Amino acid sequence: MNLVVAGLSHHTSPLELRERLAFSNAEIPSALLCLHKRLGDAGVVILSTCNRVEIYAHHAMEPDEFRKEIRLFLSESHSVPEEEFRDALYEYENREAVGHLFRVASSLDSMVVGEVQILGQVHDAYIAAQAEQTADKVIHALFQKAFTVAKSVRTRTTIGEGKVSISSVAVDLAQSIFQTLSGKTVMVIGSGEMAELTLKSLVSRGVRSVLIVNRNPERARALAEPYRGEPIAFEDLNDHLHRAEIVISATAAPRFILHPANFHHALKLRARQPMFVIDIAVPRDVDPAVGEIDNVYLYNIDDLEQVVAENLELRRREIDRGMELVEYSVNQFMQWKDVLVAEPTFVSMSEELNTIRERELERTLSALPDLTETQRQEVAALTKRIVKSILQRSVVEIKHEIGHHDPNTVLHLVKRFFGLKDAT
Amino acid sequence: MAIITDIAFYVGTVLFVAAALAAQRFVRSGKPAMLDIAERLLFMGMACLIVSFILRWAHWGRVPLTTMTDSLGLFAVLSGLVVVTVLRRREVRSLLYVYLPPLAAICLFAAATAHRNLHTEPKELSGILLIIHVGLALLAYALFFVASMTSFVYLLQSRRLKRRSVAAFGHGAPSLEELDRLLFRLVGYGYPLFVATLTLGLVWAWVDRDLLGHYWWLAPKVILSYVMAGFFAITFHMRRVGRLRGPKLATLVFLGFTVLILAYMVLSVMNLRWHYFWSAGA
């Protein structure tokens, strides 16, 4: 049986195509059952995220037939003609498929390397397959191993360190200045998506109060409401600046609205306790000279983006170390899977040896009629121990040989040696 | 007993160095377990130096504080105690890798002179007031030393943030707010001890004034000590009322301690102390 992954990702297809072929959470159970049936009761998992649509299958079909079924399935499920996605579709078998899943789960294959969401998405895909009973023994083992590898990559490399979004970088920087954000006050000047995202991140980390400064009082009230914040008129900005530990400025003003004098005044009023100023306005709201003042830490949008870029670069440098861990785990898994192929042979070996044992035991016991019941049982136990010992040694050696040679050749020889069925 | 004293001292030094190396491993690996190991090694190192100190005290029947080896060893132990107390706050545990290397260097410096000093009879300090004076002085210096290391980290952190550099100063470096709070506390405890040291010194000098001569108060070290007391008083007050905080405070604390130590060393080398701890007969 083959272990295969087929699908498309951000590496091979544009977002428009991925969107059309994606499965929603509600669609996945029926899709799993449908695919399970189409692939001849194969073990199946569907991983559908914004960056990839992938089908993991453990099946006994011919490769061409499998490929055809997958294309048909995707095409029919989404009413998208095959020609539109045929070129974007990739397929990996066995060792490559295992390595691919391990890389995906470890976030080594992600658009943003080291992001944490993918592991949860892989986990959800596996749970859905479990719920629909479309995951067989190999698929179970594969995904369990993928979770272990992902955790190992995360803990043994620094791939997850350093934030890679503007808002999370801002929160990280705030925490380098203030030990805790709980009890701190944030002032937002102006409005905008980025400002709101940053504010949300800060509030989720325990920021106590929010001051919203806007030229339009109505707008200020509306922005302040979700955070139970305090709206402040733009004209009163200077009187309230000292109250904030963190200032986010995002106005559309054509000139600087905050100057060194504003901060000198604020610092005096707040006993020179540090202030973190995030200027995400373009053109800038805060005079760069403010950054020269002691106890004021000024970051504009370029600075934050530079931090993001540097963090991403640091993560990319860790990819090689992550790949080494993946490679090692792929070897481990493939060894386990190869040995799994031998399981029916081991069962046949055991049956064959026990048949011989029983036949010989019967012959011996009939030749020794004077033996007591206890002695007969002792002899029977002795034969069982001999068979068990032969089996144990043989299984260890066969597993070892399978790990180093072609499993089919090894198993063929074993079958011939023990005179098992289907040995030619 | 002399052999046990030697072994305890040298093993203590080795343990301080090992603790510093373990803490440096934390910088590379980021594994908090390395900090735990470093802390345990520090504890063991301190215990060894204390054993060596007590054995010398018991052997000679007088507090061994007058040789460079003795005073540096005790200073390392007291600094270690301050460090261990500081590290009770988990937020600043990573500072261990900043505190330990200079402490290990001090121990090594003391060990370099140990072969000569550990077997010499310590000079007798004239009176209990002087013994307390020297002990308190070493404790105050230990607090200022840890404060100066903390201010050094503050300056590096602040500089990194100002330069928008992503290269973090080690793993889990404390926030500026936490460093500032720690700095304030260390100076806050160190300053009263320093003043108490000077006051005791004054009382002793008054009681034993025949020993130091008529113009003992003009000794450069005495004048410097009072200048530094004034300096730390102003610094501490400015920080308390909120007129001095952040990089400026950190710079002043760092420079204050450095100047104090360098000046004492220069005065010692030039033999300008006019400030003898031991009795004339010894």
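Here are the numbers for this structure:
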{"read-out": "Enclosed volume per residue, in Å³, of the convex hull spanned by Cα atoms of the range A:109-203", "value": "145 Å³"}
{"read-out": "Spatially proximal aspartates and glutamates relative to residue A:337 (Cα-Cα < 18 Å; intrachain offsets below 8 disregarded)", "value": "A:93, A:96, A:136, A:327, A:397, A:401, A:406"}
{"read-out": "Contour excess over end-to-end distance, with Cα ends at residue A:393 and residue A:252 and 0.36 nm allotted per residue", "value": "43.0 nm"}
{"read-out": "Net length gained if the chain between residue B:4 and residue B:196 were fully extended (0.36 nm per residue, minus Cα distance)", "value": "65.6 nm"}
{"read-out": "Environment charge of residue A:198, counting only residues whose C-beta is closer than 15 Å and scoring Lys/Arg +1, Asp/Glu -1", "value": "-4"}
{"read-out": "Cα-centred dipole magnitude for the range A:166-304, charges only on beta-carbon of K, R (+1) and D, E (-1), debye, nearest 20", "value": "400 debye"}
{"read-out": "Global form of the range A:1-139, assessed from the alpha-carbon gyration tensor, a/c cut-off 1.5", "value": "rounded"}
{"read-out": "With Cα atoms, 0 to 90° folded angle of helix A:193-204 axis to chain A main axis", "value": "70 degrees"}
{"read-out": "Relative contact order computed over the range A:166-304 (Cα-Cα under 8 Å; 6+ residues apart), in percent", "value": "22 percent"}
{"read-out": "The range B:104-138 and the range B:222-268: distance between their alpha carbon centers, rounded to Å", "value": "25 Å"}
{"read-out": "The protein assembly as shown: equivalent-ellipsoid semi-axes (sqrt of 5 x gyration tensor eigenvalues, Cα, Å)", "value": "67, 45, 17"}
{"read-out": "Computed Rg/Rh of the range A:303-343, alpha carbon atoms with Kirkwood Rh", "value": "1.41"}
{"read-out": "Rg/Rh ratio calculated on Cα atoms of the range B:1-122 (Kirkwood radius)", "value": "1.02"}
{"read-out": "Per-bin percent of Cα-Cα distances, the range A:166-304 [5 Å]", "value": "2, 11, 23, 27, 23, 13, 2, 0"}
{"read-out": "Calculated log₁₀ intensity ratio I(q)/I(0) where the Debye formula runs over C-alpha points of the range A:332-418, q = 0.19 Å⁻¹", "value": "-0.83"}
{"read-out": "Shape parameters for the range B:39-107, alpha-carbon atoms, Rg then Dmax in Å", "value": "13.2, 43"}
{"read-out": "Debye, to nearest 20: dipole size of the range B:1-134, +1 on Lys, Arg Cβ, -1 on Asp, Glu Cβ", "value": "440 debye"}
{"read-out": "Rough spin-label spacing in nm, given labels placed 7 Å along Cα→Cβ, for residue B:120 and residue A:236", "value": "7.2 nm"}
{"read-out": "Local electrostatic count, residue A:257, Cβ distance below 15 Å [Lys/Arg +1, Asp/Glu -1]", "value": "-3"}
{"read-out": "Long pairs among A:399/A:421; A:384/A:421; A:137/A:384; A:145/B:31; A:145/A:399, criterion Cα-Cα beyond 27 Å", "value": "A:137/A:384"}
{"read-out": "Dipole of the protein assembly as shown [Lys/Arg +1, Asp/Glu -1 at C-beta], most positive-end residue of A:125, B:150, A:323", "value": "B:150"}
{"read-out": "Those lysines that a straight Cα-Cα span of less than 27 Å connects to residue B:221, excepting residues fewer than 8 apart in one chain", "value": "B:123, B:248"}
{"read-out": "Contact order normalised by residue count of chain A, Cα under 8 Å, 6+ apart, percent", "value": "12 percent"}
{"read-out": "Set of lysines near residue A:68 by C-alpha distance (under 20 Å), chain-local residues within fewer than 8 positions excluded", "value": "A:37"}
{"read-out": "C-alpha center-to-center spacing [the range A:343-419, the range A:251-322] in angstrom", "value": "75 Å"}
{"read-out": "For chain B, calculated [θ]222 nm from helices alone, where every DSSP H run of n ≥ 4 adds -39500 (n - 2.57)", "value": "-26000 deg cm²/dmol"}
{"read-out": "Rg followed by Dmax, in Å, when chain B is reduced to its Cα trace", "value": "19.6, 62"}
{"read-out": "Pairs from A:163/A:268; A:268/B:162; A:200/B:162 whose Cα-Cα separation, in the structure shown, is over 23 Å", "value": "A:163/A:268; A:200/B:162"}
{"read-out": "Cα gyration tensor shape of the range A:369-424, rounded if a/c is under 1.5, else prolate or oblate by comparing a/b with b/c", "value": "oblate"}
{"read-out": "Inter-site label distance for residue B:265 and residue B:223 at 7 Å from Cα along Cβ, in nm", "value": "2.2 nm"}
{"read-out": "Share, in percent, of DSSP beta bridges within the protein assembly as shown that are antiparallel, nearest 5", "value": "45 percent"}
{"read-out": "Net +/- balance of residues flanking residue A:336 in space, Cβ distance below 13 Å, scoring K and R +1, D and E -1", "value": "+3"}
{"read-out": "Estimated inter-spin distance, residue A:216 and residue B:251, nm [label 7 Å along Cα→Cβ]", "value": "4.5 nm"}
{"read-out": "Between the range A:195-225 and the range A:153-176, the Cα center-to-center distance that results, in Å", "value": "24 Å"}
{"read-out": "Charge dipole magnitude, Cβ of K and R +1, D and E -1 - chain A, Cα centre, debye nearest 20", "value": "1160 debye"}
{"read-out": "Range of Cα positions in the range A:58-158 per principal axis (Å), largest first", "value": "42, 30, 25"}
{"read-out": "Normalised contact order of chain B, rounded percent, pairs of Cα under 8 Å and 6 or more residues apart", "value": "20 percent"}
{"read-out": "Histogram of C-alpha separations across the range B:92-247, 10 Å bin width, %", "value": "9, 28, 30, 21, 9, 2, 0"}
{"read-out": "Helix-derived mean residue ellipticity, 222 nm - over chain A, DSSP H n ≥ 4, -39500 (n - 2.57), to 500", "value": "-18500 deg cm²/dmol"}
{"read-out": "Paramagnetic reach from residue A:95 (point 7 Å along Cα→Cβ, amide N under 15 Å) across the range A:312-342", "value": "A:326-339"}
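We did not get these values from a lab; they are worked out from the coordinates using the rules stated. Computed from a predicted model, the values in this text were never measured in an experiment. Please note: Cβ atoms are built from the backbone with ideal geometry, for glycine as well, and neighbour counts cover all protein chains shown.
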